[in-house]
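A short write-up of the structure that comes next.
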Amino acid sequence: MEHSYIQSPLGWLKLSVADNQVFAIDRVRAKGSSSSHLSPIMTRLQAQLREYFAGKRQKFDLPLAERGTPFQRQVWRKMAQIPYGRSLSYGDLAAQVGKPGAARAVGSACGKNPWLILVPCHRVLAANGGMGGFALGLKAKQCLLNLEQ
């Protein structure tokens, strides 16, 4: 597993890649030690995230490591299709994965999304237009939504 850190509007992000795929993106309190040599996939991941935070990238084209339950993977695939600057409700996303009425299960899958930002769980909102939840907190969710406006 290779690790790297970048500074973002959300604070420090720990980037993890393995087998030429993005394994996870996590927010951490402080920068840790990075791998001494950055692989091409890590270099691409860093570059694409920096472009996103600079407002110059709206889509990511990085391979993601296969993770999660079949339901979670289904939700994450649909989430990845939500266009930049748009949002969808948990209920709408549940209907899109063929599980109408499973908004809470979709919310749980969103909370376990290992690829923050790349798979845009921040674009999933409550049915009433409220923020819902977010693994990094609502201030971080609002920050990402504002960035995309």
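Think of it this way: in the chain, C143 stand alone, with no other Cys Cβ under 4.7 Å.
Using only Cα atoms, figure out Rg for region 94-149 and give it as a multiple of 2.2 N^0.38 Å.
Details: Rg = 11.2 Å, N = 56, 2.2 N^0.38 = 10.2 Å.
The reported ratio for this selection is 1.10.
Placing unit charges on each Cβ (+1 for Lys and Arg, -1 for Asp and Glu) gives the chain a dipole about its Cα centre, and among C143, M1, Q58 the Cα reaching farthest toward its positive end belongs to C143.
Before I look further, what does the chain give for accessible area per residue, probe 1.4 Å, in whole square angstrom?
That works out to 52 Å² for each residue.
Holding the Cα-Cα limit at 20 Å, pick out from K14/K141; K56/K112; K78/K112 the pairs that are longer than that. Violating the 20 Å Cα-Cα cut-off are K56/K112. Averaging the Cα positions of each part gives two centres, and for region 51-73 and region 80-131 these lie 14 Å apart.
If you take all other residues with their beta carbon under 13 Å from the beta carbon of Q81, and give Lys and Arg +1 and Asp and Glu -1, the sum is +4.
Label sites at R73 and D19, each approximated as a point 7 angstrom past Cα along Cα to Cβ, lie 1.1 nm apart. What is the log10 of I(q)/I(0) for region 1-72, computed with the Debye formula using one identical point scatterer on each Cα and no solvent, at q = 0.19, 0.25 Å⁻¹? Reported log10 I(q)/I(0), two decimals: -0.79, -1.22.
Any chance you could run the full-extension gain for S36 through A126? It's 0.36 nm times the residue separation minus the Cα-Cα distance, nm to one decimal.
Working: separation 90, 0.36 × 90 = 32.40 nm, distance 4.20 nm.
Here the answer is 28.2 nm.
Amide H to amide H, with H built 1.01 Å from N, W12 comes under 5 Å of V28, counting only residues 5 or more places away or on other chains. For the chain, the normalised intensity computed at q = 0.18 Å⁻¹ comes to -1.07 (log10 of I(q)/I(0), Debye sum over alpha carbons, equal scatterers, no solvent).
Might you report the magnitude of the Cβ-based charge dipole of the chain about its Cα centre, with Lys and Arg at +1 and Asp and Glu at -1, to the nearest 20 debye?
Numbers: 20 positive and 8 negative charges, 54 e Å.
Dipole of the chain, to the nearest 20 debye: 260 debye.
Given +1 on the Cβ of Lys and Arg, -1 on the Cβ of Asp and Glu, and no further charges, what dipole in debye does region 47-103 carry about its Cα centre, rounded to the nearest 20? Please list the in-between numbers first.
Values: 10 positive and 4 negative charges, 14 e Å.
Computed about the Cα centre, the dipole is about 60 debye.
The values are calculated or read from the model by the stated rules, or taken from the named source; none is laboratory data. Everything numeric in this text was worked out from a predicted model, so none of it was measured. As a convention, Cβ positions derive from the backbone with ideal geometry for all residues, glycine included, and neighbour counts pool all protein chains shown. Ligands, DNA and RNA are excluded from the accessible area calculation, which covers all protein heavy atoms including side chains. Shrake-Rupley method; radii C 1.70, N 1.55, O 1.52, S 1.80 Å.
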